[in-house]
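A short worksheet on the structure shown next.
The values are calculated or read from the model by the stated rules, or taken from the named source; none is laboratory data. Here the structure is a predicted model, which means the values were calculated and not measured. Cβ placement follows ideal geometry from the backbone for every residue including glycine, while neighbour counts extend to all protein chains displayed. With ligands, DNA and RNA removed, areas are computed over all heavy atoms of the protein, side chains included. Shrake-Rupley method; radii C 1.70, N 1.55, O 1.52, S 1.80 Å.
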Amino acid sequence: MVRPIYHLHPEQYWMNDPNGPVFIDGELHMFYQHNPKEAIWGNMTWGHAVSRDLVHWRHMPNALHPDMPYDKDGVFSGCCVMHDGLPHILYTGVQPEVLCLAVGDAKGTAFEKHPDNPILRMPSEDCAGWRDPFVWKQQDGYRMLIGSGKKDADGYVDIYKSQDLVHWEHLGQMASYPEEAAGFMWECPNFFMDKDGDAALMISSIPHGHVYAMRGRYAGDRMQVSRPYRYDLGDSFYAPNIVCHADGRVLQYGWMRECGDPQLRAQQGWQGDLTLPRELRLVPGGIQVRPAQEVNALRGECLLDRRNFTLHSGENALKGIRGQHLEIRIQFEPGSNELLLEMLRGAASACARLSYRGADDSVWLDPTSLSGGEERLVGGVVDGYGQAELRVFLDGTAIEAFINGRETLTTRAYPTEGCDGLRLYSEGGVRVSRLQVYAMQSAYAEE
Ligand code: FRU
């Protein structure tokens, strides 16, 4: 199987959630849920990698191990904030779930667990879970969200207040929503707002297994949330985490999980990647998502750059171009017709087909050859503007599509060896204003 080359993953074995992204001396430190012993979930440890530019990575020694009585069953997800010049990790120790603190040296290379751990326990025993702290600083001190919920009831996030990150006061629930809309257990809460309190909350839902976004106003430690909507139209996006750049941008990385049978995927010797960095913006009623501009630094050779042509039915605008690690960018006027992009083509068929249907502005991806040809279609209706844009990042089994500079679809396809053909065609004719293809380069200096 072809391993991604320009997405972040551990050197070997298993990865899930991104944890505690934090800037230290201008470099981004990314931690993540990691099994250092096998390519399957377990032995939860915090892996660690560092980037100068958000997209090129160097691996660091693992940051936290499950080696204390209060976290021996796993060092689960959490966050990292700078406090008194030192990185402070707040994480979930599994004993079962308790809140723990670990403080790093000024460079973020080594972390020590706090002697008072666990520093906080769940407020009531009957919740379905209580984990994944997310901390931010506001004028009167720190706030922390913890994802929670009750079986057969509504998912919610608890909110806490602290001055020193060690002692926390429970302020109740910041937000919740009826179970039928967003599940009974909210994992990995993430939150950001503008200076007027216009805010966004994202959670990863049990049992739905995907991410929901909610908009609303935040004031007095409460957020009145709008109806949760599904964030990312694919089936390989979960447990994202955000970090604020010094220039004010809100950046997000998500876990690109594998699809299909985990035991089968374990035979690859690895599982999981992080997405490329995404820049998020609050827009009326939603959240705009685009690839961060730094992603362009991964581009290698430009394989095609063509402007202003009509792609007639039956033509293949990507004839002669091949590759499994590419960026394909298409700006076009769909009208009421359909534009189709086949990737990972072999002699007989394609492994992944993305289609943009102009009639209803919907985008669908059909990664067919998942474990022996099982059909699986992901996608949905997107915001259409007459002018459409698809930016598709293909990286071996990982596919991230950014649609109209606004939404995303993240999925996986599992090509057999040598399937690297491409086909871009239309049903009914589509006017293309620009078509670009770039070979993408490794995110790791040593490769
Ligand atoms: C989300 C999650 C978190 C938990 C972690 C454990 O994928 O279930 O809620 O902290 O993974 O690995």
Please work out which residue is most open to solvent (accessible area, probe 1.4 Å), limiting yourself to the range 19-40 and to residues that are more than 13 Å from the ligand (Cβ to nearest atom) and among the small types (G, A, S). G26
Of (1) out of contact with any Cys (no Cβ under 7 Å at 6 or more places or on another chain); (2) of a type outside the set (D, E, K, R); (3) part of a strand (DSSP E or B); (4) open to solvent by less than 40 Å² (accessible area, probe 1.4 Å), P61 fails just (4)
Complete set of residues in the range 212-257 that are of a type outside the set (G, A, S), touching an Asp or Glu at 6+ places or on another chain (Cβ under 6 Å) and within 13 Å of the ligand (Cβ to nearest atom): W255, M256
Just to be sure before I move on: is P123 under 22 Å from P10 (Cβ atoms), surrounded by fewer than 21 Cβ atoms within 10 Å (Cβ to Cβ) and more than 11 Å from the ligand (Cβ to nearest atom) in the structure I sent? no
Can you name the residue in the range 69-82 that is away from the ligand (no atom under 16 Å from the Cβ) and surrounded by fewer than 16 Cβ atoms within 10 Å (Cβ to Cβ) and, of all such residues, is farthest from G42 (Cα to Cα)? M82
I'm checking my understanding of the structure. Among residues of the range 258-277 that are open to solvent by 10 Å² or more (accessible area, probe 1.4 Å) and at positive phi, which one is farthest from the ligand (Cβ to nearest atom)? G269
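In this structure, is L86 modelled with pLDDT of 95 or more and open to solvent by less than 10 Å² (accessible area, probe 1.4 Å)?
On the way: modelled with pLDDT of 95 or more: yes; open to solvent by less than 10 Å² (accessible area, probe 1.4 Å): no.
Answer is no for this residue.
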I'm checking my understanding of the structure. Among residues of the range 41-58 that are surrounded by fewer than 18 Cβ atoms within 10 Å (Cβ to Cβ) and not charged (D, E, K, R), which one is nearest to the ligand (Cβ to nearest atom)? W41
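Can you confirm whether I146 is within 12 Å of the ligand (Cβ to nearest atom) and out of contact with any Gly (no Cβ under 6 Å at 6 or more places or on another chain)?
Values: within 12 Å of the ligand (Cβ to nearest atom): yes; out of contact with any Gly (no Cβ under 6 Å at 6 or more places or on another chain): yes.
Taking the combined requirement at face value, the residue satisfies it.
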Which of the strands (runs of 3 or more DSSP E) found entirely inside the range 104-217 contain at least 1 residues meeting this: among the basic types (K, R)? 111-113, 129-138, 141-149, 155-162
Condition first: closer than 14 Å to A128 by Cβ and within 16 Å of the ligand (Cβ to nearest atom). Can you find one or more residues in the range 163-179 that meet it? no
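Condition check: within 24 Å of the chain's Cα centre (by Cα), within 28 Å of Y212 (Cα to Cα), of a type outside the set (G, A, S) and open to solvent by 60 Å² or more (accessible area, probe 1.4 Å). Does V381 satisfy that? Break it down into steps so the answer makes sense when it comes.
On the way: within 24 Å of the chain's Cα centre (by Cα): yes; within 28 Å of Y212 (Cα to Cα): yes; of a type outside the set (G, A, S): yes; open to solvent by 60 Å² or more (accessible area, probe 1.4 Å): yes.
Criteria met by V381.
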What are the residues in the range 180-192 that are away from the ligand (no atom under 14 Å from the Cβ) and free of Cβ contacts under 8 Å to residues at least 60 places away in the same chain, if any? E180, A181, A182, F191
